[in-house]
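Asker: Here it is, the structure in full.
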Amino acid sequence: MFTIVIYIVNIVYREGFVPEEVDHTLLTALQVFFRYGYRKTSLDDIAQAAGVSRQTLYQRYTNKEKLFVAAVEVKLKKSLMDCAEIADADTHNVETQLLKMFDVWCGPYLDLLELSPHASEIMSVSNELVGDCCEENQAKILVLVDAVLKKHNVPRIKDKSVTSQNIAETLGYLGKGIFHQCDNRKDFNAKMTMALSVICKI
């Protein structure tokens, strides 16, 4: 499974290394966007929260839209790396392993959305500005899900028309649907636990 982590690390770092200082600034920016909403958030708000100058933000990102995109992208990369680490872990329970992956993938966003009065606006802006990035990130995570399923010999049925990739894609659809139905991380995990208990027995 070590090769999976190498695969994901290569993807992430090929797309651009993010220094720790910039990483902190972007993650802080995302929290500020959720706190005040996209339209009401200013670069001054983000600069103050991140402890950097407004000029520094302008030099790096030019405008608010580019800063928002960069903030979401670094969050996506972190969730991808977290999923890779979990996929590489040696565990005997496929459902537990997959639940942890879906939790670190979707859970942090549900935490932010739960506390934000601007959730619908943020979701709308995200779909418009970073929808493609989110889809690409999902595809990479589902590669990891597929690898975990293979490691645990899922599917267990002998029907060759059903593959681990089919199940990984189905779990992706389920996870996305459940994400939009839930108001919080706890509810998401409860529903994903139920879905995994059914799907992983195939």
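Asker: Output the relative contact order of the chain, whole-number percent, from Cα pairs under 8 angstrom with separation of 6+ residues. Let's see the in-between values first.
Answerer: Numbers: 192 pairs, mean separation 50.0, N = 202.
Dividing the mean separation by the residue count of the chain yields 25 percent.
Asker: Taking 22 Å as the cut-off for C-alpha to C-alpha distance, list the pairs among Lys40/Lys186; Lys78/Lys100; Lys64/Lys176; Lys75/Lys151; Lys66/Lys100 that go past it. Provide the component values of the computation, followed by the final result.
Answerer: Details: Lys40/Lys186 29 Å; Lys78/Lys100 14 Å; Lys64/Lys176 27 Å; Lys75/Lys151 27 Å; Lys66/Lys100 31 Å.
Result: Lys40/Lys186; Lys64/Lys176; Lys75/Lys151; Lys66/Lys100 exceed 22 Å.
Asker: Over all directions, what mean area does the Cα convex hull of segment 95-202 project, stated in square nanometres? All intermediate terms of the calculation are to be shown ahead of the outcome.
Answerer: Values: hull surface 26.9 nm².
About 6.7 nm², averaged over all directions.
Asker: When Met123, Met192 are ordered from fewest to most other Cβ atoms inside 10 Å of their Cβ, what list results? Walk me through the numbers before you get to the answer.
Answerer: Working: Met123 14, Met192 24.
Result, fewest neighbours first: Met123, Met192.
Asker: For the chain, find the longest principal axis of its Cα atoms and tell me its angle to the long axis of helix 185-199, 0 to 90°, nearest 10.
Answerer: Taking Cα atoms only, the helix is inclined about 20 degrees.
Asker: Taking R0 as 30 Å, what's the FRET efficiency between Ser53 and Asp132 from their Cβ-Cβ distance, rounded to 0.05? Spell out each step's value before the answer.
Answerer: Working: r = 31 Å, r/R0 = 1.04.
Given R0 = 30 Å and the Cβ-Cβ separation, E is 0.45.
Here, each number is a calculation from the coordinates, and none is a lab measurement. Since the model is a prediction, treat every value here as computed from it, not as a measurement. All Cβ positions, even for glycine, are placed from backbone atoms using ideal geometry, and neighbour counts span all protein chains on display.
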